[in-house]
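Asks: If you scroll down you'll find the structure; I have some questions about it.
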Amino acid sequence: MRKAQRRDFVAPPEVEPNVSDIIRWGFVGTSGVAESMARAINRSDQQRLVSVTSGQRLNAEKFASMFGAKVASNVDALAGDPDVRCVYIASPTSNHEEHALKVLAAGKAVLIEKPFTVDAVSAERVIQKARENGLL
């Protein structure tokens, strides 16, 4: 039995995304979850992993080579990179607050791997910084 098709539906045209519309990600950390996230991002034509940093430079270099990204020397360099639009934080939980605050202060949105922070007070500081800067 054939599935009925709506006659009033017109499929949108296939278009290449405008380069300025592509979400360009920076990653802080190279965990297994970060690798899964990077694979998902790079499967999309609307997103790209462009930069990565890690406490272990060799890990960052290996991760970057897997995904065609560059290596940032540290979180400050990644946050200040004009090619990076938002940052996925996959560092150890004890560093989430520090890293998120640096990234938000640099005007970038953040997505933080769970757990969000080590406690509610730290989480509130990150949320407040995002609100102050009008960021997600």
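Coordinate-derived values only; no laboratory data. None of these values were measured; they are calculated from a predicted model. For neighbour counting, all protein chains shown are included, and Cβ atoms are generated from backbone atoms with ideal geometry for every residue, glycine included.
Asks: Can you quote the Å³ per residue value for the convex hull of the Cα atoms in the stretch 37-79, rounded to an integer?
Replies: Spelled out: Cα convex hull of the stretch 37-79, divided by residues, is 66 Å³.
Asks: Working only with C-alpha atoms, what are the Rg and Dmax values of the chain, expressed in angstrom?
Replies: 17.8, 59
Asks: Let me ask something else. Using amide H atoms built in the peptide plane, which far-off residues or other-chain residues are under 5 Å from Q47 H to H?
Replies: Hits under the 5 Å cutoff: I23.
Asks: Now a separate question. Rounded to whole Hz and in sequence order, give me ³J(HN,Hα) for the stretch 56-71 from the Karplus expression 6.51 cos²θ - 1.76 cosθ + 1.60, θ = phi - 60°, writing x for Gly and Pro.
Replies: Computed from phi, the couplings for the stretch 56-71 are 10, 4, 4, 5, 5, 5, 5, 4, 4, 5, 5, 10, x, 10, 9, 9 Hz.
Asks: Would you mind calculating the gained length between N59 and D83 on full extension (0.36 nm times residue separation, minus the Cα-Cα distance), in nm to one decimal? Don't jump to the answer; show the numbers that get you there.
Replies: Values: separation 24, 0.36 × 24 = 8.64 nm, distance 2.10 nm.
The N59-D83 span can extend by a further 6.5 nm.
Asks: Once amide H atoms are placed 1.01 Å from N in the peptide plane, what residues at a sequence separation of 5 or more from R85, or on another chain, have their amide H within under 5 Å of its amide H?
Replies: Those qualifying (amide H under 5 Å, at least 5 residues apart or on another chain) are R24, W25, G26.
Asks: Next question. Once the principal axes of the Cα atoms of the stretch 48-105 are found, what is the range along each, listed largest first in whole angstroms?
Replies: 27, 23, 17
Asks: Further question on the same structure: Report the one residue of G32, L136, N59 whose Cα lies farthest in the direction of the positive end of the charge dipole of the chain (charges on C-beta: Lys and Arg +1, Asp and Glu -1; origin at the Cα centre).
Replies: G32
Asks: Going down the table (K62/K114; K108/K129; K70/K102; K70/K108), which pairs top 21 Å between alpha carbons?
Replies: Details: K62/K114 23 Å; K108/K129 11 Å; K70/K102 19 Å; K70/K108 18 Å.
K62/K114, as the Cα separations exceed 21 Å there.
Asks: Scan around K70 for amide H atoms under 5 Å from its own, H built in the peptide plane at 1.01 Å from N, and keep only partners 5 or more places away or cross-chain.
Replies: Long-range HN contacts for K70: S51, V52.
Asks: Now, a different point. Could you give the length gained by full extension between A105 and E124, i.e. 0.36 nm per residue of separation minus their alpha carbon distance, to one decimal place? Write out the running numbers ahead of the final one.
Replies: Details: separation 19, 0.36 × 19 = 6.84 nm, distance 1.51 nm.
Between A105 and E124, full extension yields 5.3 nm more.
Asks: Report, in degrees rounded to the nearest 10, the 0 to 90 angle that the Cα long axis of helix 120-132 makes with the longest principal axis of the chain.
Replies: So the inclination is approximately 60 degrees.
Asks: Hey, any idea what the orientation-averaged projected area of the convex hull of the stretch 72-136's Cα atoms comes to, in nm²? Can you show the working numbers first?
Replies: Values: hull surface 15.4 nm².
Quarter of the Cα hull surface area: 3.9 nm².
Asks: For the pair S36 and R131, what calculated FRET efficiency results from E = 1/(1 + (r/R0)^6), where r is the Cβ-Cβ distance and R0 = 41 Å, to the nearest 0.05? Don't skip to the answer; put the middle values down first.
Replies: Working: r = 29 Å, r/R0 = 0.71.
E between R131 and S36, to the nearest 0.05, is 0.90.
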